[in-house]
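First comes the structure, then the notes that go with it.
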Amino acid sequence: MMSANVTLAWLNLLGDIRQLPYLGIYVIMFFDILKTFLRFSVVFLVFVVAFGLGFHLLLINQTPFATVSRSLLKTTVMMTGEFEFEGIFENPQFYR
């Protein structure tokens, strides 16, 4: 609950800063980029769920796709393109 209050207070402060002549443009740019990112996130989520469920149905006998949640996680990691799923989640040294 405390973090929600801090977030709302921060957004309120940004609304007040928007009124200042030199800093206001940065707040407007931040909200514009945030709106664009949220629109992209919806499309990204649709693709992750679609491909994750498809991979789960096709590759259910492989460990990363054995459950729906692991399949969605593996698909998200694959879509980032920079990380390897097995190196992060299957590495035994990771759990020590």
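The values are calculated or read from the model by the stated rules, or taken from the named source; none is laboratory data. Model, not experiment: these values are computed from the prediction. Note that each Cβ is placed from the backbone with ideal geometry, even for glycine, and that neighbours are counted across all protein chains shown.
Quickly run through the stretch 29-64 and pick out the residues that are surrounded by 11 or more Cβ atoms within 10 Å (Cβ to Cβ) and of a type in the set (Val, Ile, Thr).
Of everything in the stretch 29-64, those that are surrounded by 11 or more Cβ atoms within 10 Å (Cβ to Cβ) and of a type in the set (Val, Ile, Thr) turn out to be Val48, Val49, Ile60, Thr63.
Show me the helices (runs of 4 or more DSSP H) entirely contained within the chain in which 3 or more residues are at pLDDT below 90 and more than 15 Å from the chain's Cα centre (by Cα).
Output list reads 2-17, 24-58, 85-89.
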